[in-house]
Amino acid sequence: MTAHRCLAGALALCLLLTPAGAPAAPASSFERLEALWNGIQDYSMTIDAHEVLGDQSAENELHFAFKRPDHARLDILTGLRSGSTIVWGGGDRVTAYMRLFSFFKMHGDARQKDLTSLRGNGILNPNMGDVIACFAAYRDQLREHDGPEIAGKPTDEIELPYHGVECPDDPPADRGTVTLDVLDVDRQSGLVITRKRYEGDAVVERWDMADWRINAGLSDRDLR
């Protein structure tokens, strides 16, 4: 048998032993997160937020609700500006009021100082759809690995190193200072349960997210 026939026979044997239509590679953690988010029309959650800026720190408990494409409500439950509500209906303008005096409303820019946190986070920042879209814009830089166990739940960790990265809703305090953005994703639900932003080795922002309600049928009235 010639060498050519031997090679042809080996190739034929390989084809016979290889199953047709080999399965595609499993989706990455980020691809699964994207796919889940594409099916979400409205959601709400609570956020335990911790921020550090220089020698100052702040703790807030927040409730955030969002309905596609551009309706959101942020209730500040504890911490700085406790008792206030901010409502967004698209664009850069928001309406804010104290819940005990809801008849008195003020209007302003979503990013102005008296409507944002210590580091400048406001109603635009908990929009996880925008966060995921920013990660997607830099998907070639993402790193994935096993995350920490949080409240007894295993997580996948998705990291975005901040090298030439800028997300549209980043507050001024984060620009040029944040070096890493990290999402911890619950393996069972597929939802983000922690977001951490670093300056070097220090966590300067941490959001612990819980009480998720997905596609509950929020109406515009719920977000006033």
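The values are calculated or read from the model by the stated rules, or taken from the named source; none is laboratory data. All of these numbers come straight from a predicted model, not from anything done at the bench. No Cβ is skipped: glycine too gets one built from the backbone with ideal geometry, and neighbour counts run over all protein chains shown.
Couple of notes before you dig in:
- Looking across the range 98-129, the residues that are in a helix (DSSP H, G or I) and either on the phi > 0 side of the Ramachandran plot or surrounded by 15 or more Cβ atoms within 10 Å (Cβ to Cβ) (or both) come down to Leu115, Met128.
- Qualifying residue in the range 170-183 (condition: among the basic types (Lys, Arg), more than 13 Å from the chain's Cα centre (by Cα) and under 17 Å from Glu31 (Cβ atoms)): no
- Count of the range 42-75 residues, restricted to those that are out of contact with any Ser or Thr (no Cβ under 8 Å at 6 or more places or on another chain) and either of a type outside the set (Gly, Ala, Ser) or farther than 17 Å from Leu115 by Cβ (or both), is 17.
- For the range 179-206, the tally of residues that are under 15 Å from Val52 (Cα atoms) and among the β-branched types (Val, Ile, Thr) stands at 3.
- Residue within the range 70-85 that is of a type in the set (Val, Ile, Thr), over 18 Å from the mean Cα position of the chain (by Cα) and more than 17 Å from Ile47 (Cβ to Cβ) present: no
- In the range 58-106, the residues that are among the aliphatic types (A, V, I, L, M) and under 16 Å from Asn125 (Cβ atoms): Ala58, Leu62, Ala65, Ala72, Leu74, Ile76, Leu80, Ile86, Val87, Val94, Ala96
- Tabulated pairs, the range 95-121, first closer than 19 Å to Glu205 by Cβ, second among the small types (Gly, Ala, Ser) and part of a loop (DSSP other than H, G, I, E, B), C-beta under 7 angstrom, 6+ apart or interchain: Ala110/Gly122; Arg111/Gly120; Arg111/Gly122; Leu115/Gly122; Thr116/Gly122
- Residue within the range 137-152 that is under 12 Å from the mean Cα position of the chain (by Cα) and of a type in the set (Val, Ile, Thr) present: no
- Those residues of the range 147-173 which are among the charged types (D, E, K, R) and under 27 Å from Lys113 (Cα atoms), in sequence order: Glu166, Asp169, Asp170
- Remark: pairs (first residue in the range 37-65, under 20 Å from Ala173 (Cα atoms); second residue modelled with pLDDT under 95 and among the aliphatic types (A, V, I, L, M); Cβ separation under 9 Å; 6+ apart in sequence or on different chains) = Glu51/Ala173; Leu53/Ala173; Ala58/Leu80; Glu59/Leu80; Asn60/Leu80.
- Strands (runs of 3 or more DSSP E) enclosed by the range 143-224 - at least 3 residues per element that are without any contact (Cβ under 8 Å) to a residue 60 or more places away in the chain: 143-146, 155-161, 180-186, 192-199
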